[in-house]
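The block underneath contains the structure these notes are about, expressed in structure tokens.
The values are calculated or read from the model by the stated rules, or taken from the named source; none is laboratory data. All values derive from a computational prediction rather than experimental measurement. Here the Cβ positions follow ideal geometry from the backbone for every residue, glycine too, while neighbour counts run over all protein chains shown.
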Amino acid sequence: MTYRTVITGASSGIGRATALLLARDAHALILNARRAHELQTLAESCLSGGACSVSVVVGDISDPHTAPEVADAVAMSGLGEVVLVNCAGTAAFGQFHEQEIETAIGMVDVILGGAMRATHALLPAMLANGSGTVINVLSIAARQDFGGSQAYCAAKAGLAAFSRTLSLDYRAQGIRVTNVLPGATDTPLWDEIENHPAREDMLPAKAVAETIKYLIDLPRDRAIDEIVLTPPKGTL
Ligand SMILES: NC(=O)c1ccc[n+]([C@@H]2O[C@H](COP(=O)([O-])OP(=O)(O)OC[C@H]3O[C@@H](n4cnc5c(N)ncnc54)[C@H](OP(=O)(O)O)[C@@H]3O)[C@@H](O)[C@H]2O)c1
């Protein structure tokens, strides 16, 4: 199978680990995030790691112009099943009244709005192919409330609901939608967050990447709607 795989939030953490893993399977990769240098360096590593081709789309996925650019890059990337891994996200925690409202709304714009924009831009190509895969990197926070995580929980729960409905509407047309709900994962997301769980107790980013690869490679005679992936000690 040949895959044209879009990863949003590819410059770091889970997205980056996923790009490096899928490169080994010769995916044609379309990598999106805001940091150009990190994406360019990753693109070189993916190419030397076996990727069939790599396109870089630098831009904020919550910006209306970015997702159409991603779709253009997919159209230029040859043939093959279109896979979308919605991984872009930011996290900031604390008391809601003490947070800048733009920070809180920004999380929803990127996590939920960005995934909706990318999905909207890529669905036509999937429908034209009669198949496609959308994998949303959600979080345990999509189903469990954590104090101080109002906007993050809202964005993840909203994306979970969006995705379940998307699956209902498009699965008969060959489009699989899977929500992946990882627990705490050792990535730079935690760098600016005080009092985070011990990094040695977290999932490695590679474990989430391996789960995403498993879902992409799943035979077409089955679909997995949701995977909850926790560190061995459970929710941290
Ligand atoms: N780490 C965890 O414990 C954990 C657990 C469950 C779920 N998750 C989810 O996993 C996903 C990846 O997070 P991570 O842990 O790998 O954190 P990370 O290392 O901070 O990666 C976040 C990625 O999102 C990108 N991004 C942020 N805002 C963006 C925007 N507006 N447009 C495009 N890209 C944007 C970042 O790149 P740029 O800064 O270059 O734009 C970066 O590549 C997130 O959705 C997160 O909520 C993480």
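Consider the range 75-113 and keep the residues that are touching a residue at least 60 places away in the same chain (Cβ under 8 Å) and in contact with a Phe, Trp or Tyr (Cβ under 6 Å, 6 or more places away or on another chain). The one that is nearest to N136 (Cα to Cα) is V83. Looking at the range 92-109, is at least one residue touching a helix residue (DSSP H, G or I) at 6+ places or on another chain (Cβ under 9 Å), among the β-branched types (V, I, T), surrounded by fewer than 24 Cβ atoms within 10 Å (Cβ to Cβ) and closer than 29 Å to L218 by Cβ? Scanning the range 92-109 turns up no residue that is touching a helix residue (DSSP H, G or I) at 6+ places or on another chain (Cβ under 9 Å), among the β-branched types (V, I, T), surrounded by fewer than 24 Cβ atoms within 10 Å (Cβ to Cβ) and closer than 29 Å to L218 by Cβ.
Note on the range 164-195: residues that are touching a helix residue (DSSP H, G or I) at 6+ places or on another chain (Cβ under 8 Å) and either charged (D, E, K, R) or surrounded by 16 or more Cβ atoms within 10 Å (Cβ to Cβ) (or both) total 17. Looking across the range 117-154 at every residue that is within 12 Å of the ligand (Cβ to nearest atom) and assigned to a helix (DSSP H, G or I), the one that is nearest to the chain's Cα centre (by Cα) is identified as A118. Across the range 202-226, the number of residues qualifying as within 11 Å of the ligand (Cβ to nearest atom) and either touching a Leu at 6+ places or on another chain (Cβ under 6 Å) or among the aromatic types (F, W, Y) (or both) comes to 1.
Against the numbered list (1) β-branched (V, I, T); (2) more than 20 Å from L203 (Cβ to Cβ); (3) within 16 Å of the chain's Cα centre (by Cα), T2 comes up short only at (3).
Regarding V56, is this residue under 17 Å from M116 (Cβ atoms), in contact with a strand residue (DSSP E or B) (Cβ under 6 Å, 6 or more places away or on another chain) and buried (at least 16 other Cβ atoms within 10 Å of the Cβ)? No. Can you name every residue in the range 194-236 that is assigned to a helix (DSSP H, G or I) and aliphatic (A, V, I, L, M)? Passing the criteria: A205, A207, V208, A209, I212, L215, I216. Just to be sure, is G114 modelled with pLDDT under 95 and either touching a strand residue (DSSP E or B) at 6+ places or on another chain (Cβ under 7 Å) or part of a strand (DSSP E or B) (or both)? Judged against the criteria, G114 is not a match. Assess whether A104 counts as being within 16 Å of the ligand (Cβ to nearest atom) and closer than 30 Å to D145 by Cα. Criteria met by A104.
Here is a check on your reading of the model: is A157 more than 14 Å from the ligand (Cβ to nearest atom), within 24 Å of G106 (Cβ to Cβ), in a helix (DSSP H, G or I) and not polar (S, T, N, Q)? It is false that A157 is more than 14 Å from the ligand (Cβ to nearest atom), within 24 Å of G106 (Cβ to Cβ), in a helix (DSSP H, G or I) and not polar (S, T, N, Q).
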